[in-house]
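Peer 1: Please see the structure below; I have some questions.
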Amino acid sequence: MKKIFLVLFLLIQSNFFSQNVIKPKELYKPTQDEVVDPEYGIIIYNKLVPCMGGDSIRYNKVGYNAQSWQEDYYASGKLLHRGFYIDGQIKVFKNYWENGNLERELITVDNLRCKLFTYYPNGQARSEIMYYEGIEIKQKDFFENGSIELDEEIDKKDGSIIKRIINYPDSKPKVIMELIDKKNKMYSYKEYYENGNLKEEGTLNFRKDMNDYVKNGEWKFYNEQGQLVKTTKYINNEEQKN
């Protein structure tokens with residue numbers, strides 16, 4: 001396991017979770033810009049959460065595994081993180097934007113499952129994720145207007161998709177991918193233009209050896225006006241010539 005010391009923020013610009021021994025007097029309180037990933041938010045504590053796949057440990061100032069409630073603060077003095085630790089790893093926690101709004105919250109369901117809820121700085125829901133033994137098995141992402149951007153479910157046995165629905169900000173569908181043959185891992189796939197017209201449709205198969213989804217069978221392609229412009233047959237992503 002990696003070691004994470006009480007002083008979380010000393011080397012934040014190069015490697016947030018440093019393995020170097022850091023003295024307590026060097027405690028560093030970050031700004032919001034230093035801890036926020038532009039795409040994913042405040043993810044610096046993920047490595048401390050076993051149910052999310054984390055395997056790192058946080059130590060207290062005397063070198064023991066952190067226990068009970070721990071708090072970290074921004075340079076402004078505002079609360080950044082509050083988590084409950086057992087033997088240096090997080091069981092439940094909340095992170096906060098510097099404006100005081102909740103940025104994310106982890107809830108442990110049982111020894112195998114946990115739920116993560118994340119939020120935009122304005123308080124609007126950003127995502128809901130269910131983890132099973134470190135694997136994301138259900139996820140919903142939201143646009144800032146509140147509409148669903150992604151609705152996805154994953155097979156916990158092999159990591160393959162059960163369903164994936166991606167929407168445009170106005171809630172119109174962009175991609176709909178659904179499992180239709182569990183035994184052969186076959187999916188129906190439809191993709192749409194922003195105007196709502198169908199762009200392409202066909203069937204995919206999950207190839208575990210490639211960890212990828214390949215086109216098989218007949219695929220149809222349409223222009224933005226909804227008119228069929230091409231029909232093609234595929235075998236394992238290879239277009240078949242007539």
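The values are calculated or read from the model by the stated rules, or taken from the named source; none is laboratory data. What you see is a predicted model, and the numbers here were worked out from it, not measured in a lab. All Cβ positions, even for glycine, are placed from backbone atoms using ideal geometry, and neighbour counts span all protein chains on display. Note: accessible area is taken over every heavy atom of the protein model, side chains too, but ligands, DNA and RNA are not part of it. Shrake-Rupley method; radii C 1.70, N 1.55, O 1.52, S 1.80 Å.
Peer 1: Here is a list of conditions, (1) surrounded by 13 or more Cβ atoms within 10 Å (Cβ to Cβ); (2) assigned to a strand (DSSP E or B); (3) not acidic (Asp, Glu), and THR231 meets all of them except one; can you say which number that is?
Peer 2: Unmet condition: (1).
Peer 1: Show the residue pairs meeting these rules: Cβ distance below 6 Å; 6+ apart or different chains; first residue within segment 108-127 and on the phi > 0 side of the Ramachandran plot; second residue surrounded by fewer than 18 Cβ atoms within 10 Å (Cβ to Cβ) and modelled with pLDDT of 95 or more.
Peer 2: GLY123/ASN101
Peer 1: Could you please give the count of residues in segment 158-168 that are crowded, with 16+ Cβ neighbours inside 10 Å, out of contact with any Ser or Thr (no Cβ under 9 Å at 6 or more places or on another chain) and part of a strand (DSSP E or B)?
Peer 2: 5
Peer 1: Next up: State which residue pairs qualify: first residue over 18 Å from LYS215 (Cβ atoms) and of a type in the set (Phe, Trp, Tyr) and inside segment 159-177, second residue open to solvent by 40 Å² or more (accessible area, probe 1.4 Å) and in a strand (DSSP E or B) in any location, beta carbons under 6 Å apart, and separation of 6 or more residues or different chains.
Peer 2: TYR168/LYS174
To keep it simple, each residue is scored yes or no on (1) open to solvent by less than 40 Å² (accessible area, probe 1.4 Å); (2) not charged (D, E, K, R).
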site: ASP170; (1), (2): no, no
site: GLU178; (1), (2): no, no
site: ASN184; (1), (2): no, yes
site: LYS190; (1), (2): no, no
site: LEU198; (1), (2): yes, yes
site: TYR222; (1), (2): yes, yes
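Peer 1: From the list TYR59, TYR45, TYR74, TYR40, pick out the single residue that is out of contact with any Asp or Glu (no Cβ under 7 Å at 6 or more places or on another chain), within 28 Å of GLU144 (Cβ to Cβ) and either of a type in the set (Lys, Arg) or touching a residue at least 40 places away in the same chain (Cβ under 8 Å) (or both).
Peer 2: TYR45
Peer 1: Exactly one of (1) in a loop (DSSP other than H, G, I, E, B); (2) open to solvent by less than 70 Å² (accessible area, probe 1.4 Å); (3) not small (Gly, Ala, Ser) is unmet by LEU204. Its number?
Peer 2: Status for LEU204: all satisfied but (1).
Peer 1: Could you say which residue among LYS61, LYS29, LYS23 is at pLDDT below 95, surrounded by fewer than 19 Cβ atoms within 10 Å (Cβ to Cβ), in contact with a Phe, Trp or Tyr (Cβ under 7 Å, 6 or more places away or on another chain) and of a type in the set (Lys, Arg)?
Peer 2: On inspection, the qualifying residue turns out to be LYS29.
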